[in-house]
Amino acid sequence: MNTFIGYNSALEYWKLHDRDSRQAESQAAPNPTSIPNMDVLSKIAKHRIYGRPVHLVVSEKRNRRNNSSFTTHIESKHIKRGYFDLGKGIYIARPELCLLQMAQSLSIPEIAEIGCELCGDYSIDPLSEESDLLKLQPRTTAESIRLFGERISGLKGCSNYRKAARFIADRSASPRETQLMLLLCLPTYLGGYGLPMPKFNEPIDGGRFRCDLFWPDAKLALEYDSDMFHTGAEKINRDSARRSSLEAQGIHVVSVTSRQVNNPAELDKLARIVSSKLGKRLRITMEDAPRRRALLRAGLLEKDY
């Protein structure tokens, strides 16, 4: 009997595992015999999927099993190459399908945030009470997410998935980098400032430097100074030398602190500085723009990491 893992459980898997280059896209898909039973729990646990209930995918309503161990989702439409074979009859939703499955119950900003995590080299440890960060290789790419959205239609969540894909980029190195980008670049109706998308950690000067957020055409870089790191004399001197080297190449560097990001007025000033450097005019005409920005900030920033 084959078992197909998706939704929250697949996301848990991709938060803990690098993408194995040997994993082949399987043509297998949930079928009428994919009925979950207790025997598969030990197989699933070997892949470090400990969250309960386990989210499984079946093809027909008659195969549903919802209890403390399992919750099942109906996937009546066959999605070609939607799963990877983990061996011994266990299949895992590929990152792009997992994101689409999660899109059924998430907002566009939430989808984009998870998408950037899957395309980045970090992960928020689902097994840690402190939401510790793990260092992982990207499990997919922004391009793969967009292409997957183009070939899938008629499923719940598709519309929001495609809208969110526009705001997913490769190589984010931390949740705060992702959140800063979304605060600045999501459209105003979602609470953002509608600024053009930057590149995350783009190699500069032959890879000698990487900037957190970088707009190549404008030669503008944002560097996020995290409170997680000490700001002693050595770091200050190192950052100053780095900034001088970048400025010598015509790249304007703007340092961003957590205080600026967490303060609505300071974030508004930052957005105006960035828009000016990019030669883009901020167009925020909605009367309830402050409320929308507050909702977005609360959704992105009120986390434990």
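The values are calculated or read from the model by the stated rules, or taken from the named source; none is laboratory data. Every value quoted in this text rests on a predicted model; they were computed, and no experiment measured them. Don't worry about glycine lacking a Cβ; one is built from the backbone with ideal geometry, like all the others, and counts go over all protein chains shown. We work out accessible area using only protein heavy atoms, side chains counted, and drop any ligands, DNA or RNA first. Shrake-Rupley method; radii C 1.70, N 1.55, O 1.52, S 1.80 Å.
Springs join every pair of Cα atoms under 10 Å in this Gaussian network model of the chain, and among Ala28, Ala103, Ala169 the largest mean-square fluctuation is at Ala28.
Met102 contributes an accessible area of around 20 Å² to the protein surface, as traced by a 1.4 Å probe with all chains present. According to the Kirkwood relation over distinct C-alpha pairs, the hydrodynamic radius of the chain is 20.8 Å.
For the range 1-129, the Cα-based Rg and Dmax, in that order, read 13.9, 40 Å. For Ile90, the amide hydrogen comes within under 5 Å of the amide hydrogens of Thr3, counting only partners 5 or more places away or on other chains and with H modelled in the peptide plane. To the nearest ten degrees, helix 233-248 and the longest principal axis of the Cα atoms of the chain are 80 degrees apart. Of the residues Thr71, Thr188, Thr140, the one that moves most in a GNM of the chain with alpha-carbon contacts below 10 Å is Thr71. Against the longest principal axis of the chain, how steep is helix 7-16, in degrees 0 to 90 to the nearest 10, with axes from Cα atoms? The two axes meet at around 60 degrees. The dipole here belongs to the chain: it is taken about the Cα centre, uses +1 on the Cβ of Lys and Arg and -1 on the Cβ of Asp and Glu, and is about 880 debye. Within straight-line reach of Lys15, meaning a Cα separation under 12 Å, sit the following aspartates and glutamates at least 8 residues removed in sequence or on another chain: Glu117, Asp121, Asp125, Asp132.
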